[in-house]
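So the structure is just underneath, and the comments pick up after that.
The values are calculated or read from the model by the stated rules, or taken from the named source; none is laboratory data. Remember, it's a predicted structure, so these values are computed and weren't measured experimentally. Virtual Cβ from ideal backbone geometry, glycine too; neighbours counted across all protein chains shown.
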């Protein structure tokens, strides 16, 4: 007995490779300049590399990318702190994950990226042997320990360590940081996020740090109203 599946023939992958063109690139990168050829670049800023918060280490960079601060002022900062391949290719495609965030709200994305950066600094410091005080007044569960993880600044930051998970976040208060580390900030309104972001940036300013944001979104993300940012820290 013969059985007919009714299936249609599919052309080989080699046929499709020769028929369809490669999709157009979706990334619209921000402006770049070569800092070595433009020694007198106006509005050039050094930036704090990941893991160096609280120290005097900064990066000036060869290749520079345009970023914006909290007042929407434009600055040229090291592109190597935003993309791992910034100094190797004309159009970098691999942003560093620390400080990278995506959200429908620009302010929420920036706050999320900033929170991640501050929490990651604390994690690196703790892993390197830094002694972090235990946060007080914070409920814990099981074997979890909640550390007060302010490293090089006074922004409320928590570093949570248990047998199964390590989490961290920053916020305008230690309670806000703790909730963000556990549950994110979906329960906060956009107005609350805007206010918290402003508060955090003021506290960082007291520590001699400015927040800079590089838009690393794509055309497709922007079309959908999605913001994708890389958050960096600039010494004053």
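Can we say residue 231 is in contact (Cβ under 8 Å) with a residue 24 or more places away in the chain, assigned to a strand (DSSP E or B) and in contact with a helix residue (DSSP H, G or I) (Cβ under 6 Å, 6 or more places away or on another chain)?
Answer is yes for this residue.
Please name all residue pairs, on different chains or six or more residues apart, with Cβ atoms under 9 Å, provided the first residue is in segment 30-49 and is on the phi > 0 side of the Ramachandran plot and the second residue is modelled with pLDDT of 85 or more.
43/73; 43/74; 43/75; 43/76
So if I check each of 150, 186, 180, 167, which one is in a loop (DSSP other than H, G, I, E, B), within 19 Å of the chain's Cα centre (by Cα) and at pLDDT 95 or above?
Of the residues listed, the single one that is in a loop (DSSP other than H, G, I, E, B), within 19 Å of the chain's Cα centre (by Cα) and at pLDDT 95 or above is 150.
Given the criterion modelled with pLDDT under 95 and either surrounded by 15 or more Cβ atoms within 10 Å (Cβ to Cβ) or under 18 Å from residue 157 (Cβ atoms) (or both), identify the matching residue among 109, 119, 86, 101.
86
Of the residues that sit in segment 50-80 and are touching a residue at least 60 places away in the same chain (Cβ under 8 Å) and within 18 Å of residue 122 (Cα to Cα), which one is surrounded by the most Cβ atoms within 10 Å (Cβ to Cβ)?
That would be 53.
Looking at (1) at pLDDT 85 or above; (2) surrounded by 12 or more Cβ atoms within 10 Å (Cβ to Cβ); (3) out of contact with any strand residue (DSSP E or B) (no Cβ under 6 Å at 6 or more places or on another chain), which one does residue 38 not meet, given that it meets all the others?
For residue 38, the exception is condition (1).
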